[in-house]
Structures are given as C-alpha cells and as structure tokens.
Amino acid sequence: MPTNFLAIPDFSRDELESLFELAERMRDGTYDKKPLAGKSLAMIFMKASTRTRVSFEVGTYQLGGHALFLSPRDVQLGRGEPIADTARVLSRYVDGIMIRTFAHHDIEELAKYSDVPVINGLTDMLHPCQILADLLTVRQHLGDVTKQKYAWIGDGNNMANSWINAAYRFGFDLTIACPQGYEPADHLLERAQKVAKVRIVRDPMEAVAGATVVNTDVWASMGQEQEQKDRERAFAGYTVSPALMKRADKDAIFLHCLPAHRGEEVLDEVIEGPQSKVWDEAENRLHIQKAIMAVLIGGETL
C-alpha cells in the first residue's frame, strides 16, 4: 500500500480496482464510516481550482475531518520558503496534505520530507485524481475499464500523461491524437508501450475510430494563456465535434475534465449531448478522492 498518491502507478492494479469499489460504495451511500474523524487535511493551492477545492473540502467533511484551504498568500511557499521546510512543519499539524501546483518535482520533494500522506491534486506533469474519476465514470457507464478503447484528442498535457500511466497500470488500448510538438512525456509513453497498446497519431479521426471513450481538454492550460493564439492554430482540426463522435463506437461516451472552452476543443452539441458524461465525471472526483483519503489518511483497508 502506498504512503502517498503522486501518480496512478503508486497503486497496484488490484489496489486501484479495490479503490474503485470503495468509491462506488461511497457514491451509492452504503459506506457510512468516518475514517477522518479528528483528522485535518491541508490543501495547498499554488494553482486556483473549482472542482479540486470543493471536492476535497466537501469529501474531507463527509468523512468526518477538517480541511484547510491554503493559497500562496496563506503559506510561506508563496514567499520562497523551501518546500522541505513547509513539509516538515505541516506534518506536525495535519494528517495529510493535498497540493495543486506547477512543477512535479515540487510535489516529489514535499512527499520526501513529509511525515504524512501527500496527494497530488494536479501538477504540470500529472493529474492522477482526475483520471481515476474518469475511470470510475467509465465503470459506471461501460463496465470493465480494461476492455475499453480510449481516444485522447488534443494536447499531450498532464491529462494525457496520466491517461498513459493508467494504460500502463491497466493495459488498455489508448490512442492519442496531438499535433507535432505537443506530444506527451516520452518516458511515460515508452514505459506504457511495454505493456499496453499506446500510440500517438496526428489525425483525430484515426484516433476515435471504434473508441468507446473519447476525451479531451482545453488547448491552453492554466499558465499557458500567452500561447493561446499559437495553440489555436496548432490545434485547428482537433475539435471534438458530432462528426468526430460518429467515428467512435455507437455507445461511446465523451469525457472532459472541465472547465471547457466550448467552440474550441469541444462543440456544445457534444458536451451537452447524450453521449456526454462530464457531470457524472465531475461528481466522481468527490467519490474517488474520498476513497483515496480514507485509505491513505483514514487507515481504510483495500
């Protein structure tokens, strides 16, 4: 059992399956324990968020605990305090730390010096909680996650990297369509390709052919706003449209981590259409993160 959750492969495949089952019990109301009673979670947000903040804060409360929101104005990290010092001090006060930040190295250093579990709420490299919520949504609507064919359309960003990590752990079929120069991390891709069919293509129509799960994200992520115009040109043709969805399996679902820039990476007809499961996906952030916290901080067994 891992002591931290920084990346999807921190859990074994069996542990992830058990984590999904625990999250489903939380979603359907059959889990009523309070494993975080008397415990506190420090939530460090070097990047702003809607879903991450609300889901972790509400989830902590529902499990009986208390969450503290810490922005760069609230912690000395924003004024240059070493990450190691912050980790050692917070470990004396709280029972777990969730951080949403920029450099992945920062969260690795935080975990190295922390005596309490650290959970990755997002880095520029990875977004593991979101992908587990996505897979929980796949289970909810399609069943076994290993039997699906996944298509990622757009930037090879932290979401794409985490989908690759998921393919590495579960061995499923994943095709990523991205423009030249916007590929995901080579080292993650090479590792996953040893155990799963993971490939990069340039044509979104090729990527979605027969896919049961179609997924995308904004073209310019937080911190990349100055690249917006360049990215709009690079990603022309990468919009998830009704025509693109027709190339996928007839029962395919559409996912988006949100917020969405409608008219750019996805059209309204898709995100508001019958194949869209983005609202269940957003809700599942709450359930999977509760499961992660219950296990890492609350001592729940898998």
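Of 110, 136, 189, all but one fail to be within 18 Å of residue 296 (Cβ to Cβ), touching a residue at least 24 places away in the same chain (Cβ under 8 Å), part of a helix (DSSP H, G or I) and not assigned by TED's automatic domain parsing to the domain that holds residue 20; the exception is 136.
When you go through 272, 300 one by one, which is the residue that is of a type outside the set (A, V, I, L, M, F, W, C) and touching a Leu at 6+ places or on another chain (Cβ under 9 Å)? So that I can check it myself, show each step before the final result.
Values: 272 fails: touching a Leu at 6+ places or on another chain (Cβ under 9 Å).
300 is the lone residue from the list that is of a type outside the set (A, V, I, L, M, F, W, C) and touching a Leu at 6+ places or on another chain (Cβ under 9 Å).
Between 125, 98, 43, the distinction of being within 17 Å of the chain's Cα centre (by Cα), touching a residue at least 40 places away in the same chain (Cβ under 8 Å) and farther than 26 Å from residue 12 by Cβ belongs to 43 only.
Tell me the residue from 36, 63 that is over 22 Å from the mean Cα position of the chain (by Cα) and surrounded by 21 or more Cβ atoms within 10 Å (Cβ to Cβ), please.
Numbers: 63 fails: over 22 Å from the mean Cα position of the chain (by Cα).
Exactly one of 36, 63 is over 22 Å from the mean Cα position of the chain (by Cα) and surrounded by 21 or more Cβ atoms within 10 Å (Cβ to Cβ), namely 36.
From the list 115, 95, 124, the one residue that fits, being of a type outside the set (A, V, I, L, M), at pLDDT 95 or above and touching a strand residue (DSSP E or B) at 6+ places or on another chain (Cβ under 8 Å), is 95. Among the residues of region 244-263, those identified as surrounded by fewer than 19 Cβ atoms within 10 Å (Cβ to Cβ), without any contact (Cβ under 8 Å) to a residue 60 or more places away in the chain and closer than 16 Å to residue 209 by Cα are 246, 247, 250. When region 234-243 is limited to residues that are over 20 Å from residue 210 (Cα atoms) and touching a residue at least 40 places away in the same chain (Cβ under 8 Å), the one that is surrounded by the fewest Cβ atoms within 10 Å (Cβ to Cβ) turns out to be 234.
From 168, 182, which residue is assigned to a loop (DSSP other than H, G, I, E, B), of a type in the set (Phe, Trp, Tyr), modelled with pLDDT of 95 or more and not assigned by TED's automatic domain parsing to the domain that holds residue 47?
Working: 168 fails: assigned to a loop (DSSP other than H, G, I, E, B).
Checking each option against the conditions leaves just 182.
Against the test of being more than 22 Å from residue 102 (Cβ to Cβ), buried (at least 24 other Cβ atoms within 10 Å of the Cβ) and modelled with pLDDT of 95 or more, the options 151, 196, 133 yield a single qualifying residue, 151. Scan region 161-184 for residues that are touching a Leu at 6+ places or on another chain (Cβ under 9 Å) and surrounded by 18 or more Cβ atoms within 10 Å (Cβ to Cβ) and jot them down. Passing the criteria: 161, 162, 163, 164, 165, 166, 167, 168, 169, 170, 176. When residue 121 is tested against the conditions (1) surrounded by 24 or more Cβ atoms within 10 Å (Cβ to Cβ); (2) farther than 20 Å from residue 284 by Cα; (3) not assigned by TED's automatic domain parsing to the domain that holds residue 256, the lone failure is (2). Residues in region 1-42 that are within 18 Å of residue 116 (Cβ to Cβ), assigned to a loop (DSSP other than H, G, I, E, B) and not hydrophobic (A, V, I, L, M, F, W, C): 2, 3, 4, 35, 38, 39.
Taking the residues in region 264-278 that are within 20 Å of residue 233 (Cα to Cα) and touching a strand residue (DSSP E or B) at 6+ places or on another chain (Cβ under 8 Å) as candidates, determine which candidate is surrounded by the fewest Cβ atoms within 10 Å (Cβ to Cβ). For region 264-278, the residue satisfying everything is 267. Evaluated against (1) surrounded by 13 or more Cβ atoms within 10 Å (Cβ to Cβ); (2) outside any loop (DSSP other than H, G, I, E, B), residue 229 falls short on exactly one condition, (1).
The values are calculated or read from the model by the stated rules, or taken from the named source; none is laboratory data. Treat the numbers as computed from the prediction; the structure is a model and nothing was measured. Because the Cβ atoms are built from the backbone with ideal geometry, glycine has one as well, and the counts that use them run over all protein chains shown.
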